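The values are calculated or read from the model by the stated rules, or taken from the named source; none is laboratory data. The shown structure was predicted, so the numbers you read here are calculated from the model rather than taken from an experiment. We place every Cβ from the backbone using ideal geometry, glycine too, and count neighbours over all the protein chains shown.
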Amino acid sequence: GLGATGNFIHSYIQEDLKGELKKIHTRFPPEPNGYLHIGHAKSICLNFGLANLYGGKCNLRFDDTNPTKEDVEYVDSIREDVKWLGFDWEDRLYYASSYFGRYYEVAVKLIKEGKAFVCDLSAEEMRQYRGTLSAPGKESPYRNRSVEENLELFERMKNGEFPDGSRTLRAKIDMSSPNINMRDPVIYRIAHATHHETGDAWCIYPMYDFAHPLEDAIEGITHSICTMEFEDHRPLYDWVVKEAGYTENPPRQIEFARLGMTNTVMSKRKLRALVEDGLVDGWDDPRMPTISGLRRRGYTPEAIRDFCERIGVAKANSIVDSGLLDYCIRDDLKTKTKVVMAVLDPVKLVITNYPEGQVEMVELENNPEAPQLGSRMAPFTRELYIEREDFMEEPVKKFFRLAPGKEVRLKGAYFVTCTDFVKDEAGNVVEIRCTYDPETKSGSGFEGRKVKGTLHWVSATENIQATARLYDYMMLDNPEDPNGDMIMNPNSLEVRECFIEPVISEAQKGERFQFMRNGYYIVDTKDTSEEKLVFNRIVSLKSSFKL
Ligand code: ATP
Ligand code: MG
Ligand code: MG
């Protein structure tokens, strides 16, 4: 596929491997401030995939240098999700917070070399001094403090003598640089906050643009793959690596376009808002694009990896059709799941010439496309349920299902001909009546006449009742589109009470099935109980998506 060999990152790596570099080393560096989503999966597949392909290594690193938004709950979920996707960091699990001492040493080195200074400007003043793309910035009045004064003030910042926001440490680079990131960027700030790993040991914290290149250099990362918005930060990344003294095989930052998907929110901040506002049933709501949501919904790691492979890696931002992910899961489940009959919108079908009280077991293949999945028996009785949409009082052209006077096959059983139907006072069809032809039994070799439609059915007396949750896209708009709004699809969840063949009573939590002529389903791991099976529809069988 495109992702495996064709993209520009491979060219960079192959070029680097022709030089002094012996082995590549990548990393996946999530900030533990939320659950991973399908966009992160793209980065995971890319980083671990490159390491696997080129015989290198990939670290899992928690980029946890910001104490306020992070939590161990997220750390645990990230570990689980990366493993579930099928990747192994072995003994290479790191925390950026474990390098706090090292960042501090580098900051002191910069101060001693006259390359960093303590600045007393407020955030607002700093914004004004920074200038704009078309106008150079103005130097801070604190820029020329002596090395001694800077060392003393920085130590006092570290010792907690100053309040949050009162001072920063800034790199002394170039206030007239055309790249605003190089205009004396802040590299340390004061934050009296308890960190989930280091507790109250620190009250100054490094900024991302300072910490991240150091994390990569400390771990011996050769290719630091990040998303496009960091392209303008690359000169600063390179500056930090060089000034810190990591000159041998320095890490190389490479940017790629982040994944966006139609009808999908893809930002931890916005996803957290949905969770906190109670609009969804937690981070693992089956509608969420989080890895845990996709897992609960029934997506497989194989389908997600296939998706990441197919979307490929490029520099240009684009929004991928959500239908592609649906395509990948259908493709993966096609020959893996058993097909059972479930009726989701039942109407009763009575076979008036079939003996009352008789239960006839009929044999059905578990998956016609996968003979190795074997077969099962299903009970056929005088009263059945069929789908309401499989009957039309006045059939339109090309309606090959049931209608007065029309004959169809009941899957695995007999031909039936509709003779009559009953309506309630409101005009709804409540019962369909038919007769069956005993000679037409499936497997009997009957060839007397043909029918155009085959319907699935479930015995009205021998069945299992279950709940089926039918999901649709969570968002109405494309929330990542600058003009897109965060409007939830009011029809993103529809709950149905349904009837399924008795064989379903053996289903385990997390087991997947195809409901014949409808879609793929999974037994929900959370809401299923001894009393009730709850199914999530992973994806419907129908697709308008074209590859
Ligand atoms: P978000 O905006 O959703 O919080 P983030 O980039 O802040 O995302 P991080 O935890 O820092 O989240 O991400 C870890 C890694 O995953 C980073 O290297 C980042 O580039 C990558 N990543 C995050 N979102 C996407 C995405 N939509 N597509 C591709 N890669 C992504
Ligand atoms: Mg980030
Ligand atoms: Mg973020």
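General remarks:
- Flag for TYR35 being in a loop (DSSP other than H, G, I, E, B) and either modelled with pLDDT under 95 or within 16 Å of ligand 2 (Cβ to nearest atom) (or both): yes
- Qualifying residue in the range 16-27 (condition: within 30 Å of ALA273 (Cα to Cα) and either within 16 Å of ligand 2 (Cβ to nearest atom) or touching a Leu at 6+ places or on another chain (Cβ under 8 Å) (or both)): yes
- Among the residues of the range 81-136, the ones that are in a loop (DSSP other than H, G, I, E, B) and under 26 Å from ARG27 (Cβ atoms) come to 8 in all.
- Residue under evaluation LYS42, criteria (1) within 16 Å of ligand 2 (Cβ to nearest atom); (2) modelled with pLDDT under 95; (3) of a type in the set (D, E, K, R), criterion not met: (2)
- Just so you know, in the range 42-55 the residues that are over 21 Å from the mean Cα position of the chain (by Cα) and in a helix (DSSP H, G or I) include one that is nearest to ligand 3 (Cβ to nearest atom), and it is ALA51.
- Enumerated strands (runs of 3 or more DSSP E) restricted to the range 258-357, each holding at least 2 residues that are in contact (Cβ under 8 Å) with a residue 12 or more places away in the chain, over 15 Å from the mean Cα position of the chain (by Cα) and under 30 Å from MET392 (Cα atoms): 338-340, 346-351
- Qualifying residue in the range 36-44 (condition: out of contact with any Leu (no Cβ under 6 Å at 6 or more places or on another chain) and among the polar types (S, T, N, Q)): yes
- Pairs where the first residue, in the range 519-538, is over 14 Å from CYS498 (Cα atoms) and the second is assigned to a strand (DSSP E or B) and among the aromatic types (Phe, Trp, Tyr), C-beta under 7 Å, 6+ apart: ILE522/PHE535; ASP524/PHE535; ILE538/TYR520; ILE538/TYR521
- Checklist (1) near ligand 1 (Cβ under 10 Å from one of its atoms); (2) in a strand (DSSP E or B); (3) not aliphatic (A, V, I, L, M) applied to CYS58, failing item: (1)
- Which listed residue, of ASP81, ASP64, is among the charged types (D, E, K, R), buried (at least 21 other Cβ atoms within 10 Å of the Cβ), in contact (Cβ under 8 Å) with a residue 12 or more places away in the chain and touching an Asp or Glu at 6+ places or on another chain (Cβ under 8 Å): ASP64
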